[in-house]
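Scroll down for the structure; my scribbles are underneath it.
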Amino acid sequence: MSIPEKIQREVASLRKVINHHNRLYHALDNPEIPDSDYDSLVERLENLEREYGLLSDSSPSLSVGSAPLNKFAEVQHQIPMLSLDKVFEEEGLRNFSKRINKLLDTDKQVSYSCEPKIDGIAVSLFYKDGELKQASTRGDGKTGEDITHNVLGITCIPKSIKMKKTKTQLEVRGEIFLSKLDFNEINDKARKEGQKLFVNPRNTAAGTIRQLDPERAAKVPLRMFCYGVGVNQGISLPENLGEIFDELKKLGFPVNKDIKTASGIEGCVNYCLDLYSRRDLLDYEIDGAVIKVDSLVSQGIIGENIKAPRWAIAYKFPAEEKITKVLDVEFQVGRTGTITPVARLEPVFVGGVTVSNTTLHNMDEIQRLGLSIGDEVIVRRAGDVIPKVVRVVESKKKRKTTSIEIPSHCSVCKSPIEKDGAVLLRCTGGSLCSAQRKEMLKHFASRSALNIEGLGTKLIEQFVDEGLIKDAADIFKLNSSVLIQIDRLGKKSAENLLASIEKSKNTTLPKFIYALGIREVGEATAQALAYRYPEIDDLLRATVEDLESIQDIGPTVSSKIVAFFSEISNLDLIKRLIEVGVEWPVKSITSSSILSGKTIVLTGTLESFSRQEAKDRLLAIGAKVSGSVSKNTDFVVAGLGAGSKLTKASELGVKTFDEQEFLTLLSQ
Ligand code: IVH
C-alpha cells in the first residue's frame, strides 16, 4: 500500500511532538500540556501507525516514559516497569473482562483488585536481605534513575523490613505522591513568601524526588502507596494481590485503604463509579482507577505486551484539565452593578461537562494570568467546582492576540464604570441599567426569594427589553392581555405564570428581605434580620449600631443595609410591593427548637419534603443551612442515599439525624 505523503508527515510530526512532551513530563517534570491532550496525541499516532502499518520499534507509541537525564546514576530494571492500557468508558471495562475470560478460558467470574490510580511518580524499592538498597524511577521502563538519596528521606517508606536476612530480595513498586493538603500548604507558604507557585501535586512530587540535594527534598512531606511486587527471591508471597497487600502492610509498607477486591467486572464498574464520585474527598490526586486480575497465576497465563500487561487496565476519569482557546472576553453586569470579566471559550469537554465560558473574576486575575484574547489556556473543572482558567499555555502564545482593557463605560447602559475598592469594577447606572434590572428581577423571582415558577431568565429579559416590567412591583401588574402579546408564551403557560405570580404573594419575611437584593445580604443574613425585626418597619428604621449588635452582621453589611433603606426608590418599591398584595405571616419565627441558631447541613433525599422546603423550615426557626460539612457544622440531616457528606460528618464527629428524628425535632 502506498502511504500518502500527508500521513507520513503527520506521523513524523506526531512522533516529534510526543517525544518533546515525554521529555518535558518524565525527564524535566515540567509538562506544558494536560495529560488528556497528550493522550489524544498518542492515540492519533497509534491509530495512524496501525492503519498504515507504520509501527516502528523507536516510535514513542511503544515507549514508556522517557530516557533518564544523566544527572542521576542509571538503574537497570530486572523486570521492566510497564505502563497501563486505558479505557474511558464502562464498556471498555466490560470488553477488558471479556478478553480476560477468553484468555483464561473460563466463564466464571474472575476476581479483580480495584485500585485508585494515583497521580504521582512510579518508584521501585529494592530490598536485599531486609535492607533498602536502592530506589529508582521508572525512566523508560527498562532503565530508571537512582533516587535512593531522596527516598531515604520519605518517612513512610521502611528502610529495613522483617525479612530473612540472608539471600533474600524483594522489589516493591508503588507511587510516590504529595497529598492535596500538603501541596496547598506548600503553595500557601510560597505565596506568602512571594515565590513561584507549584502547578500541581504531581509536578511538585516529581520535582522533589528528582532533586540532587536530599536535604531540600526531605523538606517536602512526600508519601507513597505500594501497588505491586517486582523481583522477589528467597521469600514466599501469597498468590493473589489482595493477600500480597496484606503481607506488605505487615512488613510496614503503606498500602492504600481504598483498594478493594471485586468478583466479576460489574463489581469493578461500581468501584470505578463510586471512586469517581468520591474523587474530591480523597486526600490524594487520582486520574482514574486500575483494575487488575487478582491471581498472580492467572496474570502469568494472560501475560503482557511490549508496553503494558494484558491483565490490567486503567479506567481513566474525564480529564479535569484541557487546553482551549479564549475567543473573547466580555464584561458582565451583575445585580448590584459589579462588572465581571467572563472568558468566552472554544467549547471544551472537561471534568465531565462542556464548558464554553468561565468567569475570570476581576482584572487582577487577568493580569496574574497574563491573558489576552486569542490565547490558548488550560481550563480546569474539578468536581462541581466552577471551571477556571488555570494558566496560559506560553509555548502556544500567538503573536497576534488582543489585550484586554478595562472598560470605561458599561456596555449595556453606557454609564461610566468606577473602581470599587482594590479590584472591583462597578457600573454606575443603578436601576437605569437594564442589565442590572434584569439581574435584580431574576434574583427576586428565584427559588430562594419569591420563588415565581415559570418566570425564568428568558422571559424576564424579554419583559424588560419590551418595557413591560421595570421593577419587581411591575411583575404583579402583569395580566393575560399583556402576556398574550408575548411570543413563545402559549395560553396555558400564561395562565400558569399568572397563577404562580399570585401564589408568590404569600411569602415569609426572610424571603422578602432576601428578594430585595440588598448588597451583602444573603439568605442567612435575611433570616437573621427577620428574626430580630419581625415588623419590617422596625428594620427600615434600624441604625448601623442596631444592626451590628446582631450576631454575624458586621460593619460592612450593616452600612449596606442602612444605605439601601435610606434610598427613597427602595422604600417606594417596598411600599408598592405591599400595596399589590405581597404579604407574610407576622411573627412566623419561633426559636423553641434545639435546631434554632444551629448550622445544619442537609444531604441525601428526604421523603417528606423537597430540599428547598426543608431549608425553608429550618430558616424559619432561625437555623442556618450550609452546603458543606466542616467543624463548624452542628448537625447533619441525612436522607436516603446520603454519601460523602455523611462520611465527612462521622469523620469530624458531627451529630447526624435521620429524617424521622429531623421531623420530630422540627415539630417540637
Ligand atoms: S500498576 C504493570 N497500579 O500509573 C502495572 N499503576 O499509567 C503497572 N499508577 O506507571 C502499574 N496508581 O506509575 C498501577 N494502583 C496503581 C497505580 C499505578 C498509579 C501509575 C504507575 C504506572 C502508571 C501507568
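Among residues of the range 521-543 that are within 17 Å of Leu571 (Cα to Cα) and aromatic (Phe, Trp, Tyr), none has a beta-carbon under 8 Å from a residue that is in a helix (DSSP H, G or I) and open to solvent by 30 Å² or more (accessible area, probe 1.4 Å) at least six positions away or on a different chain. For the range 419-431, state whether one or more residues are exposed (fewer than 13 other Cβ atoms within 10 Å of the Cβ), in contact with a strand residue (DSSP E or B) (Cβ under 9 Å, 6 or more places away or on another chain) and not small (Gly, Ala, Ser). Yes, the conditions are met somewhere in the range 419-431. Among the residues of the range 656-668, is any open to solvent by less than 60 Å² (accessible area, probe 1.4 Å), over 30 Å from Lys470 (Cα atoms) and assigned to a loop (DSSP other than H, G, I, E, B)? No, the range 656-668 contains no residue that is open to solvent by less than 60 Å² (accessible area, probe 1.4 Å), over 30 Å from Lys470 (Cα atoms) and assigned to a loop (DSSP other than H, G, I, E, B). When restricted to residues that are open to solvent by less than 40 Å² (accessible area, probe 1.4 Å), among the β-branched types (Val, Ile, Thr) and within 29 Å of Gly627 (Cβ to Cβ), the range 348-389 contains 10.
Can you name the strands (runs of 3 or more DSSP E) wholly within the range 306-360 that have at least 2 residues being within 16 Å of the ligand (Cβ to nearest atom)? Counting at least 2 such residues, we get 312-316. Taking Gln367, is it modelled with pLDDT of 95 or more, over 19 Å from the mean Cα position of the chain (by Cα) and in a helix (DSSP H, G or I)? No: the conditions fail for Gln367.
Whether any residue in the range 621-633 is more than 29 Å from Gly383 (Cα to Cα) and surrounded by 13 or more Cβ atoms within 10 Å (Cβ to Cβ) is what I want to check. Yes, the range 621-633 contains at least one residue that is more than 29 Å from Gly383 (Cα to Cα) and surrounded by 13 or more Cβ atoms within 10 Å (Cβ to Cβ). For the range 24-34, the count of residues that are away from the ligand (no atom under 16 Å from the Cβ), of a type in the set (S, T, N, Q), at pLDDT below 90 and surrounded by 17 or more Cβ atoms within 10 Å (Cβ to Cβ) is zero. Does Leu93 count as open to solvent by less than 50 Å² (accessible area, probe 1.4 Å), farther than 30 Å from Pro214 by Cα and either free of Cβ contacts under 8 Å to residues at least 40 places away in the same chain or of a type outside the set (Gly, Ala, Ser) (or both)? So Leu93 passes the test.
Look through the range 115-132, keep the residues that are more than 9 Å from the ligand (Cβ to nearest atom) and surrounded by 15 or more Cβ atoms within 10 Å (Cβ to Cβ), and return whichever of them is nearest to Gly352 (Cα to Cα). Here the residue is Ser124.
In the range 634-653, the residue that is farthest from the chain's Cα centre (by Cα) out of those that are farther than 15 Å from Ser610 by Cα and open to solvent by less than 20 Å² (accessible area, probe 1.4 Å) is Val636. The residues of the range 133-152 that are within 18 Å of Arg23 (Cα to Cα) and either among the polar types (S, T, N, Q) or within 10 Å of the ligand (Cβ to nearest atom) (or both), listed by number, are Ser136, Thr137, Arg138, Gly141, Thr143.
Condition (residue is of a type in the set (S, T, N, Q) and modelled with pLDDT of 95 or more) applied to the range 505-528: is it met by at least one residue?
So far as the range 505-528 goes, yes, one or more of its residues are of a type in the set (S, T, N, Q) and modelled with pLDDT of 95 or more.
Right, Ala205: open to solvent by less than 20 Å² (accessible area, probe 1.4 Å), more than 30 Å from Thr166 (Cα to Cα) and small (Gly, Ala, Ser) or not? It is true that Ala205 is open to solvent by less than 20 Å² (accessible area, probe 1.4 Å), more than 30 Å from Thr166 (Cα to Cα) and small (Gly, Ala, Ser).
Scan the strands (runs of 3 or more DSSP E) fully inside the range 96-212 and keep the ones with 2 or more residues being modelled with pLDDT of 95 or more and closer than 22 Å to Val290 by Cβ. Result: 111-118, 121-128, 131-137, 169-177.
Among the residues examined, Lys86 does not qualify as open to solvent by 20 Å² or more (accessible area, probe 1.4 Å), under 30 Å from the mean Cα position of the chain (by Cα), within 16 Å of the ligand (Cβ to nearest atom) and modelled with pLDDT of 95 or more.
Annotation note: of Ser179, Ser263, Ser236, the sole residue that is hydroxyl-bearing (Ser, Thr, Tyr), under 23 Å from the mean Cα position of the chain (by Cα) and over 23 Å from Gly144 (Cβ atoms) is Ser179.
Taking the conditions exactly as written (within 16 Å of the ligand (Cβ to nearest atom) and over 30 Å from Phe126 (Cβ atoms)), does Leu54 satisfy them or not? Here the answer is no, as Leu54 does not meet what is asked. Condition check for Ile79 on (1) without any contact (Cβ under 8 Å) to a residue 60 or more places away in the chain; (2) open to solvent by 60 Å² or more (accessible area, probe 1.4 Å); (3) within 16 Å of the ligand (Cβ to nearest atom): one failure, at (1).
Out of everything in the range 254-278 that is in a helix (DSSP H, G or I) and either within 14 Å of the ligand (Cβ to nearest atom) or aromatic (Phe, Trp, Tyr) (or both), what residue ends up being nearest to Tyr112 (Cα to Cα)? Out of the qualifying residues, it is Cys268.
Among the residues in the range 412-425, are any part of a helix (DSSP H, G or I) and over 23 Å from Lys492 (Cα atoms)? There is no residue in the range 412-425 that is part of a helix (DSSP H, G or I) and over 23 Å from Lys492 (Cα atoms). Checking each residue in the range 2-14 for being in contact with a helix residue (DSSP H, G or I) (Cβ under 7 Å, 6 or more places away or on another chain) and open to solvent by 50 Å² or more (accessible area, probe 1.4 Å) picks out only Glu10. Here Ser236 meets the list (1) surrounded by fewer than 16 Cβ atoms within 10 Å (Cβ to Cβ); (2) part of a helix (DSSP H, G or I) almost entirely, failing just condition (2).
Given the residues Leu489, Leu459, which is the only one that is touching a residue at least 24 places away in the same chain (Cβ under 8 Å), surrounded by 19 or more Cβ atoms within 10 Å (Cβ to Cβ) and of a type in the set (A, V, I, L, M, F, W, C)? Spell out the reasoning first.
Working: Leu489 fails: surrounded by 19 or more Cβ atoms within 10 Å (Cβ to Cβ).
Sole residue among the options that is touching a residue at least 24 places away in the same chain (Cβ under 8 Å), surrounded by 19 or more Cβ atoms within 10 Å (Cβ to Cβ) and of a type in the set (A, V, I, L, M, F, W, C): Leu459.
Taking the range 208-233 as the range and being away from the ligand (no atom under 16 Å from the Cβ) and either of a type in the set (D, E, K, R) or open to solvent by 40 Å² or more (accessible area, probe 1.4 Å) (or both) as the test, the residues that pass are Gln211, Leu212, Asp213, Pro214, Glu215, Arg216, Ala218, Lys219, Pro221, Gln233.
The values are calculated or read from the model by the stated rules, or taken from the named source; none is laboratory data. None of the values given here were measured: they were computed from a predicted structure. Here the Cβ is made from the backbone with ideal geometry for all residues, glycine too, and neighbour counts use every protein chain on show. With ligands, DNA and RNA removed, areas are computed over all heavy atoms of the protein, side chains included. Shrake-Rupley method; radii C 1.70, N 1.55, O 1.52, S 1.80 Å.
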